[in-house]
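What follows is one structure encoded as structure tokens, with my remarks underneath.
The values are calculated or read from the model by the stated rules, or taken from the named source; none is laboratory data. From a predicted model like this one, the values you see are computed outputs, not experimental measurements. In this analysis, Cβ positions are derived from the backbone assuming ideal geometry, glycine residues included, and neighbour counts consider all displayed protein chains. Heavy atoms of the whole protein, side chains included, go into the accessibility calculation; ligands, DNA and RNA do not. Shrake-Rupley method; radii C 1.70, N 1.55, O 1.52, S 1.80 Å.
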Amino acid sequence: MKVLMSGNEAIARGAYECGARFGAGYPGTPSTEILEEFSKYEGVYAEWAPNEKVALEVGIGAAVAGAKALVTMKHVGVNVAADPLFTVSYTGTNGALVVVSADDPSLHSSQNEQDNRNYAKFAKLPMLEPADSAEAGRFVKIAFEISAAFDTPVFLRSTTRVSHSKSVVVTETPVPYEDRTELRINPSKYVMVPAMARIRRVEVEKHLQALREFAETFPENRMEINNTEMGIITAGMPYNYAKDVLPNCSYLKLGLVHPLPEKLIRKFASLVKKLFVIEELDPFLEEQIRAMGIEVTGKELFSYTNEFDPGVIAGAMMKKTDAAVKLPEVAIPPRPPNLCPGCPHRGLFHVLGKMKTTFVAGDIGCYTLSFMKPLEGLHSCVCMGASIGMAHGMSKALGEKGRGKVVGVIGDSTFIHSGITPLLNLAYNQGDAVIVICDNRTTAMTGMQEHPATGYTLQGAKAKELDFQALAAVLGIDSVRVIDPYDLKNTRTVMKEELARSGSSLVVSRRSCVLFKRRYTETRKPLRVNVNKCIGCRNCLDLGCPPIAWRSFKDQPANEIIKNAKKQEGNSYIDADLCTGCTLCRQVCKVGAIEEVE
Amino acid sequence: MDKKGKKAGKNITGRVISVLMAGVGGQGILRASDILCRVIMEAGLDVKKSEVHGMAQRGGCVTSHVRYGQKVYSPIERKGNVEILLAFEKLEALRYLDYLKHSGRIIINEVEIYPPAVNLGSMTYPDNAVDLVRHKFSTVMVVNGRDLAAASGNIRTENTVLLGALSQWLDFELDIWERVLKESFPPKALDANLQAFHLGRDYREG
């Protein structure tokens, strides 16, 4: 059947069709939908793990027991999972293990732009790279075959554009599921103490060599010989961009990007007059081809940064700039992502942003957006879990100078991902920072995924809810408080009190994400501005809430202007269609001008 | 049908046609482009589409590229090569104008959604967005999607109204559109969406 599928849906479908029934991962754009879709298929067991390292270890266990296991994560998740990854390449996998790394060229939704093809080389693992949804579905099947045949984990690398673009996939009837799991004990293969790891180390080089041979005749490493003036070696999505712009060139399209087929590359190079490599991010193919002694043009023409598109190819290869029409000469206000109306983070970060002498170490989540004007309540973001360790390190380094001035903020899912050990460290090493868990009861940024504190699993089973207060107590945190970030006064009071006391503190700022329908069930009346009271002080605008707008008197008919203060230049307006009635603006209004819509 | 608007559709050979939808998170753009893709597939053509999820959902710009023809490689179009821009919001029409060909055509939804800088009073929302577009392109259709959606009985059908307007310029048969719409909406929302589609399809400017 022909179906329009995203790359992520196609990966899930392909894994299911070839008999994989086991999946684990941690949500992260652009990888999230793979496991969500996979988990919906009949007979599949799939789980969200607390982080990518755990997910991979779960996958390794399943594979060693004989299962075909699919493990999914975004590119930076592989950093977290790198520890087991580099050693499972030694042990091999018995069943089959495919690790999907979804990279994010252009950092659409990430903190860095790392090229995870380097991991394949570094961890000595084969890596396949599909160019569209049909290939994504086909390649995941090949990945499972290679994993089983060569007894090695296999990487499937996607990028945002492959994961989130949709194209036509022809679905196939799934092969009948075969249960090959059994308890097998084989210490010489799976106990990686030095003596045995040294032996397995040699096996790794042997199967990599075998994979090099395999790559030479692998049908997804394919030559398309057309005009031989220009030959292009490429892989993944950039192949499509190049084909769009340069349909008549010759191509060597690599389906397997590690290890490379040297003989095939030499052959292709000999068939064309000038050889180019078109690849996003690092010169991963180019450097290896150059090391073969083959003359090739790549990064002289193409950028190391950002994803490509057909325009980039045209610009580099044909020196053609494409924009036919210049943008009108008018300032187009940008539209950056913003916290939603009614977002529970807004109250907390409004309070933190007003504490001008406090450093707020931030983390990965929707709340990271609070660094922007007008909230400006967050001052760093490095990686998942970094807030707590950084706050602790900073407070230790500053000593007395930092007393009462260092805060770390972290989301509930992020805290579970990698905040627990740094919180333990804070308690153990007697740090002096205040840690806030922005507990919106879900993994909001990636689209409401379950985690160990939501009370449900990925497949909807009821689960135990992790109790943050009890956890903090057993870790040895001195003071634990819970606040409602919709209550600005109490939020401010508690933050001040906790900053004033010495020792470690945890504040759980708890209120459900407004988009999380299972938890957020209240209906509140929207608010409006009473222009007979508004003095134009702009306090409400400081919240950066999307429904609240400034209306300058300059843009209002003279006979409609109502002035309530001497120097008033305009008044605020609330779009009742967008307002959720969270009341933060009413709390910051000093003249009581904000009231419920009747 | 617009006097200048030749229909872009299935009778193409070796050519790939690109439609760019642009608007603001929450306007139903991804749903609309999914429907368009299914119509194209039903018409027997290859199609790819692309958009970026994630942080862009939170009040940010949302774009969806839809490209179709006998064989499509790239799911995104380069600047200067888009046939039709379907702008769900006036400011977003301006923002993506440089993706259009000289001969490109634009449908603009007569809606203003203020970005943060405008709400805060630090930038102004251009009051002449439609004029600026008309100044550069000869074929511009301005639709009040909100009013037509309201007329359909369900204000959430704004995206379907715009699809109806777009269908005027695309050469796909009405029964394909209707069939795909029927498969795309739950029964209780279907009537309003079908009506919204026809309000858009029958809309004529002026």
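Applying 1/(1 + (r/R0)^6) with R0 = 45 Å to the Cβ-Cβ distance of A:ALA461 and A:ASP577 gives a FRET efficiency near 0.75. Per-residue surface analysis assigns A:VAL531 an accessible area of about 50 Å², computed on protein heavy atoms at 1.4 Å probe radius.
What a 1.4 Å probe finds exposed on segment A:222-318 is 50% carbon and sulfur by accessible area, rounded to a whole percent. Hey, could you get me the Stokes-Einstein D for segment A:344-510, Kirkwood radius over alpha-carbon pairs, 4 °C and 1.567 mPa s, rounded to whole µm² s⁻¹? It diffuses with D of about 83 µm²/s by this estimate. Relative contact order, whole percent, for chain B stands at 22, derived from Cα pairs under 8 Å and 6 or more residues apart. For the cross-link pairs A:LYS525/B:LYS188; A:LYS74/A:LYS166; A:LYS243/A:LYS273; A:LYS53/B:LYS49; A:LYS121/A:LYS253, the ones whose C-alpha atoms lie over 21 Å apart are A:LYS525/B:LYS188; A:LYS53/B:LYS49. With unit charges on the beta carbons (Lys and Arg positive, Asp and Glu negative) and the dipole taken about the Cα centre of chain A, which residue among A:LEU107, A:SER133, A:ALA67 sits farthest to the positive side? Of A:LEU107, A:SER133, A:ALA67, it is A:LEU107.
Quantify, in whole percent, the carbon and sulfur part of the accessible surface of segment A:416-496 (1.4 Å probe; protein heavy atoms only). Carbon and sulfur together cover 54 percent of it. Averaged over its residues, segment B:17-202 has an accessible area of 34 Å² per residue, based on protein heavy atoms and a 1.4 Å probe.
At a cut-off of 10 Å², which residues of segment A:550-592 become less accessible once all protein chains are present than in their chain alone, using a 1.4 Å probe? Correct list: A:TRP550. Our coupling estimate for segment B:25-39, obtained by passing each phi through the Karplus curve with A = 6.51, B = -1.76, C = 1.60 and θ = phi - 60°, is x, x, 8, x, 5, 5, 4, 4, 6, 4, 5, 4, 4, 5, 4 Hz, Gly and Pro reported as x. Between segment A:237-262 and segment A:54-95, the alpha-carbon centres lie 29 Å apart.
Carbon and sulfur together cover what percent of the accessible area of segment B:17-202 at a 1.4 Å probe radius? The value for segment B:17-202 is 47 percent carbon and sulfur by accessible area. Exceedance of the 23 Å cut-off in Cα-Cα distance is limited, within the set A:LYS489/A:LYS590; A:LYS563/A:LYS590; A:LYS496/A:LYS567; A:LYS489/A:LYS566; A:LYS326/B:LYS48, to A:LYS496/A:LYS567; A:LYS489/A:LYS566; A:LYS326/B:LYS48. For chain A, the per residue solvent-accessible surface stands at 41 Å², with DNA, RNA and ligands left out and a 1.4 Å probe. Relative contact order, whole percent, for chain A stands at 10, derived from Cα pairs under 8 Å and 6 or more residues apart. Counting only protein heavy atoms and using a 1.4 Å probe, the accessible area of A:MET1 comes to about 150 Å². The label point for A:SER270 and the one for A:LYS299, both projected 7 Å from the Cα toward the Cβ, are 2.9 nm apart. Note the angle between two axes, namely the Cα long axis of helix A:7-17 and the longest principal axis of the Cα atoms of chain A, as a number of degrees from 0 to 90, rounded to the nearest 10. The helix A:7-17 is inclined about 50 degrees to chain A. Computed from the alpha carbon atoms alone, the convex hull of the protein assembly as shown holds 183 Å³ per residue. Out of every Cα pair in chain B, what percent are spaced more than 33 Å from each other? Above the 33 Å cut-off, chain B has 9 percent of its Cα pairs. Residues of segment B:93-114 that bury at least 30 Å² of accessible area when the other protein chains are present, relative to the chain alone (probe 1.4 Å, heavy atoms, ligands and nucleic acids excluded): B:LEU94, B:ARG95, B:ASP98, B:HIS102. Amide H contacts under 5 Å for B:SER74: A:ASP244, restricted to partners 5 or more places along the chain or on a different chain, H placed in the peptide plane at 1.01 Å from N. For segment A:527-596, the relative contact order is 51 percent, taking Cα pairs closer than 8 Å that sit 6 or more residues apart in sequence and dividing their mean separation by the residue count. Chain A packed on chain B takes about 4700 Å² of accessible surface away from a 1.4 Å probe, both sides summed.
Each principal axis of the Cα cloud of segment A:393-447 was taken in turn, and the coordinate range along them, longest first, works out to 41, 20, 13 Å.
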